[in-house]
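Written below as structure tokens is the structure these notes are about.
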Amino acid sequence: MYSQKENVNILTALLVAHGIRHAVVCPGSRNSPIVHNLNECPDITCYPVTDERSAGFYALGMSQCLKEPVVVCVTSGTALLNLAPAVAEAYYQHIPLVVISADRPQAWIDQLDGQTLPQPDALGRFVRKAVSLPEPHDDEERWYCNRLVNEALIVRHAPVHINVPITEPLFDFTVAALPQERKIELIPADTPPHVLSHVCRMFMQSKRPMLIAGQPMNPNLDEAVALVGGDERYVPDFVLYIGDSIVSKRLKRFLRKAKETWTVNETGEVNDTFMNLTHVVQGDGAVVADQIRFLLEQQPHPFVQMWEELLAKVRRHAEAYQPAYSEMAAVKYFEQKLPLYLERAGGEAVHYANSSAIRLANIFANHHVWCNRGVNGIEGSLSTAAGFSVVSDEKVFCVIGDLSFFYDQNALWNQNLRGNFRILLLNNGKGGIFNMLKGLEQSPARDKFVAAQHQTTAEGICCQNNVTYLKAENMEEMQQGVDTLFNIESQRPVLLEVFTDAAEDERTFRAYYEAFLR
Ligand SMILES: Cc1ncc(C[n+]2csc(CCOP(=O)(O)OP(=O)(O)O)c2C)c(N)n1
Ligand SMILES: [Mg+2]
């Protein structure tokens with residue numbers, strides 16, 4: 001029988017899954033649920049040591065001899081601090097000690113309760129990873145708890161610290177079996193033979209494989225997922241995730257239905273975006289993507305083909321759709337004309353700002369797009385594109401909403417800017433994205449305070465900074481303006497301000513989806 005404490009059981013199940021076989025355990029009541037569990041596991045042998053300082057060194061010696069991670073488990077308070085000398089020694093010897101400390105619930109830290117001190121980062125720089133587990137109440141917290149334990153246990157060649165807050169009552173040992181926990185495995189770059197080829201083979205041999213490339217773009221996947229709805233035939237069983245963030249929330253939610261995800265990255269980081277990660281392969285994701293594309297050319301995969309047909313259908317819809325005058329119409333026209341311009345001009349760099357701009361790019365752009373999607377801030381999109389332009393020989397375009405533009409207007413106050421910098425400013429007089437949030441329309445604060453409605457135009461800013469200013473207030477002016485933005489010769493940056501109505505932007509966006517979901 002195991003403890004009633006869910007975080008303790010998740011931890012125990014994952015210790016077993018990660019192959020832990022030895023645990024040095026120190027006396028105490030707060031850690032007794034953990035010690036109890038370790039003692040229940042047939043694959044784990046416990047070794048009692050009273051003095052925690054000594055216990056740490058016991059574990060160090062065991063790990064040296066066995067060349068595998070060894071647990072040392074202590075109660076709350078100073079017990080943990082007594083491990084510091086052994087942990088520091090392990091750090092510089094590259095020995096994988098797994099420190100497990102029981103803790104009081106967070107609410108009781110610094111409240112003069114017995115045996116409490118701030119434990120989560122107490123071992124400082126002498127551990128490679130320190131995590132403090134939640135006491136889960138729902139599936140999201142259970143996922144979080146699982147992930148944190150996995151993140152600590154995949155670290156190699158260094159000590160780690162897992163802090164485990166446990167609320168009273170402590171002594172209920174009535175759970176018959178440990179939970180089935182998902183193990184996340186790290187496959188280091190040096191694993192033989194040819195890890196990346198193995199991953200590609202796995203991809204080709206899966207029944208329903210899907211390669212997802214994060215930042216910059218997943219064109220048309222948001223709409224495709226909307227179209228799929230609840231159709232299980234489209235759900236992948238094996239997702240291979242490379243690259244960085246994904247724009248579409250709907251896509252992320254959809255991929256959570258997949259059986260498992262493998263990710264390839266250089267750092268070996270755990271990014272469990274779809275909550276079903278099982279393997280982190282250390283390596284170059286672009287190499288894997290190229291290899292898979294090559295294999296798919298040799299031998300088409302029916303599931304991949306089924307998705308490609310769906311994406312082609314969405315693309316046809318995007319091409320055929322005629323939006324009313326709006327931000328969408330401007331981006332669509334810009335993207336339609338871009339390839340024609342490029343045929344003549346050659347190079348390119350297109351930056352999109354956050355909010356609606358990048359979402360529209362995800363529908364209409366079919367090329368590389370730059371966007372600050374690492375943390376999605378609106379504060380630096382114009383500066384990023386401006387910085388890009390001052391070291392580029394090509395034209396650099398920036399498609400940006402009004403709040404993002406006015407926020408970062410300082411970007412234009414710069415001696416180095418030249419005529420290769422071209423801005424398409426989508427001014428709908430507010431953060432139009434907030435129109436898309438269901439339920440927010442009920443708040444009288446929405447337009448004025450949440451979406452920061454305003455009547456500012458960029459004309460004065462352009463005049464002040466010697467930026468060529470163009471504006472459009474209807475379809476015809478917008479199309480002429482975009483053509484000019486591409487073609488005009490200028491020594492100074494050029495900006496086209498397209499004025500639209502946020503309510504119309506919202507209607508057009510919704511109508512685009514409704515037109516093919518019908
Ligand atoms: C630094 C920062 N502050 C606030 C936000 C929250 N935020 C996200 S989108 C947005 C509105 C952007 O408005 P705009 O640039 O006009 O684009 P639109 O929504 O109209 O397309 C805001 C304030 C953010 N992402 N970053
Ligand atoms: Mg706006």
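The values are calculated or read from the model by the stated rules, or taken from the named source; none is laboratory data. The structure presented is a predicted model; accordingly, all values stated were derived computationally and were not measured. For neighbour counting, all protein chains shown are included, and Cβ atoms are generated from backbone atoms with ideal geometry for every residue, glycine included. The accessibility values were calculated without ligands, DNA or RNA, using every heavy atom of the protein model including side chains. Shrake-Rupley method; radii C 1.70, N 1.55, O 1.52, S 1.80 Å.
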ask   = Out of all the residues in the range 416-457, which are within 12 Å of ligand 2 (Cβ to nearest atom), part of a helix (DSSP H, G or I) and either aliphatic (A, V, I, L, M) or touching a helix residue (DSSP H, G or I) at 6+ places or on another chain (Cβ under 6 Å) (or both)?
value = 432, 433, 434, 435, 436
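For every residue, the table says whether it meets (1) within 13 Å of residue 78 (Cα to Cα); (2) assigned to a strand (DSSP E or B); (3) without any contact (Cβ under 8 Å) to a residue 12 or more places away in the chain; (4) among the β-branched types (Val, Ile, Thr).
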residue: 98; (1), (2), (3), (4): no, yes, no, yes
residue: 102; (1), (2), (3), (4): yes, yes, no, no
residue: 107; (1), (2), (3), (4): no, no, yes, no
residue: 110; (1), (2), (3), (4): no, no, yes, no
residue: 114; (1), (2), (3), (4): yes, no, no, no
residue: 117; (1), (2), (3), (4): yes, no, no, no
residue: 122; (1), (2), (3), (4): yes, no, no, no
residue: 131; (1), (2), (3), (4): no, yes, no, yes
residue: 134; (1), (2), (3), (4): no, no, no, no
message = Could you list, ordered by first residue, the pairs with Cβ atoms under 6 Å in which the first is in the range 272-284 and polar (S, T, N, Q) and the second is in a strand (DSSP E or B) and open to solvent by 10 Å² or more (accessible area, probe 1.4 Å), at least 6 apart or interchain?
response = 276/260; 278/260
message = Please verify whether residue 392 is more than 16 Å from ligand 2 (Cβ to nearest atom), surrounded by fewer than 23 Cβ atoms within 10 Å (Cβ to Cβ) and within 26 Å of the chain's Cα centre (by Cα), treating the condition exactly as stated.
response = no
ask   = Among all residue pairs at least 6 apart or on different chains, which show Cβ distances below 9 Å where the first residue, located in the range 499-518, is without any contact (Cβ under 8 Å) to a residue 24 or more places away in the chain and the second is aliphatic (A, V, I, L, M) and open to solvent by 30 Å² or more (accessible area, probe 1.4 Å)?
value = 510/436
note = Flagged in the range 32-73 as open to solvent by less than 30 Å² (accessible area, probe 1.4 Å), touching a Cys at 6+ places or on another chain (Cβ under 8 Å) and either at pLDDT below 95 or not in a helix (DSSP H, G or I) (or both), in numbering order, are 49, 72, 73
Qualifying positions in the range 373-384 - open to solvent by less than 60 Å² (accessible area, probe 1.4 Å), within 12 Å of ligand 1 (Cβ to nearest atom) and among the polar types (S, T, N, Q) = 381
query = Residue check: is residue 405 within 11 Å of ligand 1 (Cβ to nearest atom) and out of contact with any Phe, Trp or Tyr (no Cβ under 6 Å at 6 or more places or on another chain)?
reply = yes
ask   = Could you say whether any residue in the range 305-312 is touching a residue at least 60 places away in the same chain (Cβ under 8 Å), within 24 Å of residue 201 (Cβ to Cβ) and not charged (D, E, K, R)?
value = yes
request  = Could you check residue 370 against (1) within 12 Å of ligand 1 (Cβ to nearest atom); (2) farther than 23 Å from residue 506 by Cα; (3) open to solvent by 30 Å² or more (accessible area, probe 1.4 Å); (4) not aliphatic (A, V, I, L, M) and say which number it fails?
outcome  = (1)
key: Subset of the range 487-515 (residues that are open to solvent by less than 30 Å² (accessible area, probe 1.4 Å), outside any loop (DSSP other than H, G, I, E, B) and away from ligand 1 (no atom under 16 Å from the Cβ))   = 494, 513
